[in-house]
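Input: a single structure, listed below in structure tokens.
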Amino acid sequence: MSASSPDELVAKKCLPCEGGVEACPLPQAEAQLEKLPGWYLTHEGQRIRKDWKVKNFLAGMDFFNQVATLAELEGHHPDLHLVGYRNLSIEIWTHAIGGLSENDFILAAKIDQIAAHLGMRHEVI
């Protein structure tokens, strides 16, 4: 997998993964994240995460509802975290392989589109 632009990722669809494939090597994940501002590696490079601060609880829930709809359409489900009523985080990885796949970066780019449409900015840690 070579690093793709956000537009290239958004044009793709997540493919079903039942395991049996190698997780994305760390150098490739790092190269891809350079093209997805705000996303960073967690869990020793096995997951990606992004954080946002929203105006209020309902704005966070609206965002999460739109992400949930996207996740169902893609068949790829992230972990959604809401803390302190306005601090949001999303963590993505391919559960079947215990690491990162192209699906994770596709979903991240599509989540970024939703956030941009809502006028959200990621929270810098």
Completion exercise
One can check that the equivalent ellipsoid of the range 1-69, built from the alpha-carbon gyration tensor with semi-axes equal to the square roots of five times its eigenvalues, has lengths in Å, largest first, of 25, 15, 14
Practice task
Divide by every residue of the chain the summed helix terms, -39500 (n - 2.57) for each DSSP H run of at least 4, and state the resulting mean residue ellipticity at 222 nm, rounded to the nearest 500 deg cm²/dmol.
Solution key: -11500 deg cm²/dmol
Fill in the blank from the handout: Length-normalised contact order of the range 24-117, Cα under 8 Å, at least 6 apart, in percent, tallies to 31 percent
Problem - Sorted by Cβ neighbour density within 10 Å, fewest at the top, the residues Cys24, Cys14 - result: Cys14, Cys24
Completion exercise
Once the dipole of the range 60-125 is set up from charges on Cβ (+1 Lys and Arg, -1 Asp and Glu), the residue from the list Leu73, Met120, Gly99 lying farthest towards its positive end is Met120
Completion exercise
Given unit charges at Cβ for Lys, Arg (+) and Asp, Glu (-), the dipole magnitude of the range 24-117 about its Cα centre in debye, nearest 20, is 360 debye
Practice task
Within 10 Å of each residue's Cβ, count the other Cβ atoms and sort Thr94, Thr69, Thr42 from fewest upward.
Solution key: Thr69, Thr42, Thr94
Fill in the blank from the handout: Within the chain, pairs of Lys residues whose Cα atoms are less than 20 angstrom apart, provided they are eight or more positions apart or on distinct chains, add up to 8
Exercise for the section: Sort all Cα-Cα distances of the range 24-117 into consecutive 10 angstrom bins from zero, then give the percent of pairs in each bin up to the one containing the longest distance. Expected result: 16, 51, 28, 4
Problem - Potential extension, Tyr40-His95 segment - 0.36 nm per residue separation minus Cα distance - result: 18.0 nm
Handout entry: Cβ-based exposure ranking for Phe64, Phe105, Phe57, in which fewest neighbours within 10 Å come first
Key = Phe57, Phe64, Phe105
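No value in this document is a laboratory result; all are computed from the given coordinates. Note that the structure is predicted; figures quoted are calculated from it, not measured. Neighbour counts are summed over all protein chains in view; Cβ atoms, including those assigned to glycine, are modelled from backbone coordinates with ideal geometry.
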